[in-house]
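This report concerns only the one structure given below.
The values are calculated or read from the model by the stated rules, or taken from the named source; none is laboratory data. Treat the numbers as computed from the prediction; the structure is a model and nothing was measured. Cβ atoms come from the backbone with ideal geometry, glycine included; neighbour counts cover every protein chain shown. Surface accessibility is based on the protein's heavy atoms, side chains included, excluding ligands, DNA and RNA. Shrake-Rupley method; radii C 1.70, N 1.55, O 1.52, S 1.80 Å.
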Amino acid sequence: MENYYQKEIECASREEIKALQDQRLVEQVKHVYENVPYYRNLMEEKGVTPEDIKSTDDLHKLPFISKADLRDAYPTGLLAVPLSECVEIHSTSGTTGRRVVAFYTQGDIDLWHECCARAVVAAGGTKDDIVQVAYGYGLFTGGAGLDGGSHKVGCMTLPMSSGNTERQIQFMQDLKATILCCTPSYAAYIGETLHDMGLSPEDISLKAGIFGAEPWTEEMRRDIEKSLGIKAYDIYGLTETSGPGVAYECSAQNGMHINEDHFIAEIIDPDTGEVLPEGEKGELVFTSITKKAFPLLRYRTRDICVLTREKCSCGRTHVKMTKPMGRSDDMMIIRGVNVFPSQIETVLLEQGYSPNYLIEVDRVNNTDTLDVFVELSSDMFSDTVKEIAKREKDLSIAMRTMLGIGPKVHLVPAKSIARSEGKAVRVVDKRKLHD
């Protein structure tokens, strides 16, 4: 029996959703044009006025906005309300340059938490559940978003933040947490630690997990589900658009429903910017139609995915996005070949290795090198040097089949790759340091 947080909107007809989007888009374009000089200039450069936008059919006329614009307009150049109306900020980790700071009115916070509440209910959450939030709190949106969503549903919420894994497990046991929210890499680490402490999934009460903020594969999902004895759900979001809860998985676990009453999604060709027909793979673009403080129109996410409107078994009618299949910018080009870290992870998990790995790219004598460091599982410790060399060679061959180029594989002792309690660092590209 499927539960919904706001059934009338989650299961609304296509016509109702389209009418709502049309009305909200027209209002939002006017709001942004009148209050954000930076975006008004972009519209003027493109020769577009708010009068040209009569419905979502006119969305393609608007200019794109990208992370570069957010950096140029830092900190308040894209703010659409007086600062006195804002009650909170969140910020990205700033791994790719200047931090992005997003602003929220109280209304923005309420709507964001409603989106996260839909995700909690879709994962089976009710007011009788105990939700353990082990995403980072503070500037990162993960902790704040799921904490707020959990409260909206009426769940008892454990605001653990990330880290101190043995304490996480103790609280799980003592307070009988039923839903865990954190990054997938941290969930995998909690599962590992549980096992190392001599405990099994039967010793905890978890039934579900809501994991996001970094890419993860289906193989990794199955590993986490097994190690924690749960059903693992994906959640998607960006600080730029609010945070987690832009889209979330339902019981079907085959794509994430986008909250279309708040966000309009498009798929474009990352090279030309042309809008692609439904079902085509391309870059995901979002327009926020209800955010007041920091509304982004046609924001390029750099995430590559596919949108589908196929009828979903859960009864929700909102369009679904696939898991991001990589990014138009974290793609590594190695010796002319496009390589995504997720491809390497898929090979490792298919071959029975741990998802703890590090990819190192360098350039030696003008030639790109690709090294993959992978942790041995404890049952491989007894292997001889010869057996380990054979395993490395076999993995390298399997990766060549997947990638089109063969990396040098190094099997290293368990736990020797640094663990991350936030987003896992999977790639070290040394070429950028001395190009």
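Tabulated results
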item: Every residue from segment 59-74 that is assigned to a helix (DSSP H, G or I), without any contact (Cβ under 8 Å) to a residue 40 or more places away in the chain and either over 15 Å from Thr287 (Cβ atoms) or in contact with a His (Cβ under 7 Å, 6 or more places away or on another chain) (or both); result: Ala68, Arg71, Asp72
item: Given (1) within 23 Å of Arg302 (Cβ to Cβ); (2) in contact (Cβ under 8 Å) with a residue 60 or more places away in the chain, index of the condition Gly315 fails; result: (1)
item: Scan of segment 364-402 for residues that are of a type outside the set (D, E, K, R), under 22 Å from Lys415 (Cβ atoms) and open to solvent by 90 Å² or more (accessible area, probe 1.4 Å), ordered by number; result: Phe381, Ser382, Val385
item: Subset of segment 269-289 [in contact with a helix residue (DSSP H, G or I) (Cβ under 6 Å, 6 or more places away or on another chain) and in a strand (DSSP E or B)]; result: Val275
item: Cβ-Cβ under 7 Å pairs, at least 6 apart or on other chains, segment 330-346 side in contact (Cβ under 8 Å) with a residue 12 or more places away in the chain and at negative phi, far side open to solvent by 40 Å² or more (accessible area, probe 1.4 Å) and of a type in the set (Val, Ile, Thr); result: Met332/Val427; Pro341/Val427
item: All helices (runs of 4 or more DSSP H) inside segment 1-46 with 2 or more residues being more than 25 Å from the chain's Cα centre (by Cα) and either on the phi < 0 side of the Ramachandran plot or surrounded by fewer than 17 Cβ atoms within 10 Å (Cβ to Cβ) (or both); result: 14-35, 37-46
item: Number of the condition not met by Ala188 [criteria: (1) open to solvent by less than 30 Å² (accessible area, probe 1.4 Å); (2) within 21 Å of Gly245 (Cα to Cα); (3) modelled with pLDDT under 95]; result: (2)
item: Residue pairs meeting the criteria (Cβ under 8 Å; at least 6 apart or on separate chains; first closer than 16 Å to Cys312 by Cα, in segment 11-22; second open to solvent by 70 Å² or more (accessible area, probe 1.4 Å)); result: Arg14/Arg309
item: Qualifying residue in segment 216-236 (condition: of a type in the set (Ser, Thr, Tyr) and out of contact with any Leu (no Cβ under 8 Å at 6 or more places or on another chain)); result: yes
item: Strands (runs of 3 or more DSSP E) (entirely within segment 320-435) containing at least 2 residues that are of a type in the set (Val, Ile, Thr) and more than 30 Å from Val306 (Cα to Cα); result: 367-375, 408-412
item: Single residue of Glu214, Glu218, Glu225 found to be of a type in the set (Asp, Glu), open to solvent by 10 Å² or more (accessible area, probe 1.4 Å), modelled with pLDDT under 95 and under 26 Å from Met1 (Cα atoms); result: Glu218
item: Where a residue in segment 353-373 is free of Cβ contacts under 8 Å to residues at least 60 places away in the same chain and its partner, wherever it lies, is assigned to a strand (DSSP E or B) and open to solvent by 50 Å² or more (accessible area, probe 1.4 Å), with Cβ under 8 Å and at least six apart; result: Thr369/Arg363; Thr369/Lys408; Leu370/Lys408; Asp371/Lys408; Val372/Lys408
item: Pick from segment 294-319, criterion among the aliphatic types (A, V, I, L, M) and assigned to a strand (DSSP E or B), ranking: nearest to Leu42 (Cα to Cα); result: Ile304
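Condition check ((1) assigned to a loop (DSSP other than H, G, I, E, B); (2) at pLDDT below 95; (3) open to solvent by less than 60 Å² (accessible area, probe 1.4 Å)) across all residues:
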| position | (1), (2), (3) |
| --- | --- |
| Asp57 | no, no, no |
| Thr76 | yes, no, no |
| Ser84 | no, no, no |
| Cys115 | no, no, yes |
| Val120 | no, no, yes |
